[in-house]
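Beneath this line is the structure, given in structure tokens, with notes to follow.
The values are calculated or read from the model by the stated rules, or taken from the named source; none is laboratory data. Everything numeric here is computed off the predicted structure, so don't read it as measured data. All Cβ positions, even for glycine, are placed from backbone atoms using ideal geometry, and neighbour counts span all protein chains on display. To get the accessible areas, we keep the full protein, side chains included, count just its heavy atoms, and leave off ligands, DNA and RNA. Shrake-Rupley method; radii C 1.70, N 1.55, O 1.52, S 1.80 Å.
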Amino acid sequence: DAFDSDHALGVGEPALRDYPFLYVLEVGSLFLSDPQAAALRDYLLAGGFMVIDDFWGSWAWQNFEEQMQRVFPERPIVDVPLDHPVFHAFYDIGQVLQVPNVHQAAGGPTWESDGKVPHIRGIFDDEGRLMVLVNWNTDLGDAWEWADLADYPLRYSTYAYEIGINFAIYAMTY
């Protein structure tokens, strides 16, 4: 089984505060209870950082946005401009690249569902710190997972590693 429940934490668990960086994927069917939404809000406002990845299309976006509005009803999800420090923490990222899953990387469309345009969006705190970074219509995780596969294009894995390193550095320094 690819899922290792020994390393997954529930949103409301006190141990969540031991981790400054969360990586969450496939949030198209995410549902947060009221206590989970409150715990996630507290975690992020206390300095936590969450990266969302690998979800595609307008239906998944609508559900994710509804759930995040339960966490932060007063904070919009906005596009993160390319001059933001998260794009320049170590590597200079000049464009948002759509990273396809491993099956689509060798050819054909790079998108899934109706997610033809990749976006990096975020939620900021009152001081302008990026708390939630949302990779929508892209799959960085597949590029990390399949980088050593000879047929997986280097442009996707290079981009995914560079931007992922930037995310980690940003999370630990801002």
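Tell me which of these TYR43 doesn't satisfy, since it passes every other one: (1) of a type in the set (Ser, Thr, Tyr); (2) closer than 12 Å to ASN137 by Cβ; (3) in a helix (DSSP H, G or I); (4) in contact with a helix residue (DSSP H, G or I) (Cβ under 9 Å, 6 or more places away or on another chain).
Checking TYR43 against (1) of a type in the set (Ser, Thr, Tyr); (2) closer than 12 Å to ASN137 by Cβ; (3) in a helix (DSSP H, G or I); (4) in contact with a helix residue (DSSP H, G or I) (Cβ under 9 Å, 6 or more places away or on another chain), the one that fails is (2).
Would you be able to say whether some residue in the range 112-133 is in a helix (DSSP H, G or I) and under 27 Å from ALA39 (Cα atoms)?
Among the residues of the range 112-133, not one is in a helix (DSSP H, G or I) and under 27 Å from ALA39 (Cα atoms), which makes the answer no.
Please go through the range 144-174 and give me each residue that is open to solvent by 20 Å² or more (accessible area, probe 1.4 Å), of a type in the set (Phe, Trp, Tyr) and assigned to a loop (DSSP other than H, G, I, E, B), ordered by number.
Once the filter is applied, which keeps residues that are open to solvent by 20 Å² or more (accessible area, probe 1.4 Å), of a type in the set (Phe, Trp, Tyr) and assigned to a loop (DSSP other than H, G, I, E, B), the range 144-174 yields TRP146, TYR174.
Are there any pairs, at least 6 apart or on different chains, whose C-beta atoms fall under 6 Å, with the first in the range 79-102 and among the β-branched types (Val, Ile, Thr) and the second open to solvent by 70 Å² or more (accessible area, probe 1.4 Å), and if so, which?
Partner pairs satisfying both residue conditions: VAL102/TRP146.
Considering only residues that are more than 18 Å from ASP114 (Cβ to Cβ) and surrounded by fewer than 18 Cβ atoms within 10 Å (Cβ to Cβ), which ones fall in the range 42-65?
Within the range 42-65, ASP42, LEU45, ALA46, GLY47 qualify.
Quick one: is GLY94 crowded, with 18+ Cβ neighbours inside 10 Å and either touching a strand residue (DSSP E or B) at 6+ places or on another chain (Cβ under 6 Å) or part of a loop (DSSP other than H, G, I, E, B) (or both)?
So GLY94 fails the test.
Can you tell me which of ILE123, ILE163, ILE52 is closer than 18 Å to SER29 by Cα, of a type in the set (A, V, I, L, M, F, W, C) and modelled with pLDDT of 95 or more?
ILE52
Going by what's in this entry, would ALA60 be described as over 25 Å from ILE165 (Cβ atoms), modelled with pLDDT of 95 or more and in contact with a strand residue (DSSP E or B) (Cβ under 9 Å, 6 or more places away or on another chain)?
Spelling it out, ALA60 is indeed over 25 Å from ILE165 (Cβ atoms), modelled with pLDDT of 95 or more and in contact with a strand residue (DSSP E or B) (Cβ under 9 Å, 6 or more places away or on another chain).
For residues that are farther than 12 Å from VAL51 by Cβ and under 17 Å from the mean Cα position of the chain (by Cα), scanning just the range 126-143, find the one that is surrounded by the fewest Cβ atoms within 10 Å (Cβ to Cβ).
Once the filter is applied, the top-ranked residue is ARG129.
Any residue in the range 44-60 that is on the phi > 0 side of the Ramachandran plot sitting within a Cβ distance under 6 Å of a residue that is basic (Lys, Arg) and not in a helix (DSSP H, G or I)? List the pairs, counting only those 6 or more apart or interchain.
Every condition considered, no pair remains.
So which pairs qualify, if the first residue must be in the range 9-35 and among the hydrophobic types (A, V, I, L, M, F, W, C), the second must be open to solvent by 80 Å² or more (accessible area, probe 1.4 Å) and modelled with pLDDT of 95 or more, the Cβ gap must be under 7 Å, and the two must be at least 6 apart or on different chains?
Partner pairs satisfying both residue conditions: LEU32/ARG70.
How many residues are over 30 Å from ALA38 (Cβ atoms) and either touching a Leu at 6+ places or on another chain (Cβ under 8 Å) or crowded, with 16+ Cβ neighbours inside 10 Å (or both) if we restrict to the range 72-88?
1
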